[in-house]
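Below you'll find the structure, written out as structure tokens, and then a few comments.
The values are calculated or read from the model by the stated rules, or taken from the named source; none is laboratory data. No experiment lies behind these values; they were computed from the predicted model shown. Because the Cβ atoms are built from the backbone with ideal geometry, glycine has one as well, and the counts that use them run over all protein chains shown.
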Amino acid sequence: MMTQDEFVDAIVTTARSRGYSIENSRNGRQIDFGRKKLHEGHLSLLYPDILAEGAHIPSLIEAVAPGRPCSHKPMREIVATVKTVWETQQSDRTRLR
């Protein structure tokens, strides 16, 4: 399983690659979802629960960053991408051993 720091980096990197603006704030990097933002502190609090199979991402986000429904759908997509990339990397590493 990835570490919390790897998770945060992967989420921010994936969000940037999907065209979301990444800004610096007093709480570290933050993803701008248009009207609302999630920062590194929020992302850290979502780890590792958001990676669990069947995790309900809107509920998890609301628990750590209420009032950001505009982030729910993009975060579902970002997390799905992060999980797929991570699993592929782990599979590749195992195969190369």
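Per-structure values
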item: Given (1) outside any loop (DSSP other than H, G, I, E, B); (2) in contact (Cβ under 8 Å) with a residue 12 or more places away in the chain; (3) surrounded by 16 or more Cβ atoms within 10 Å (Cβ to Cβ), index of the condition residue 2 fails; result: (1)
item: Search result, residues across the range 5-50 that are small (Gly, Ala, Ser), modelled with pLDDT of 95 or more and surrounded by fewer than 17 Cβ atoms within 10 Å (Cβ to Cβ); result: 17, 19, 21, 28, 41, 44
item: Residue in the range 73-88 that is more than 23 Å from residue 17 (Cβ to Cβ) and either of a type in the set (Ser, Thr, Tyr) or in a helix (DSSP H, G or I) (or both) present; result: no
item: Tally of residues being closer than 28 Å to residue 94 by Cβ and under 10 Å from the mean Cα position of the chain (by Cα) across the range 7-47; result: 13
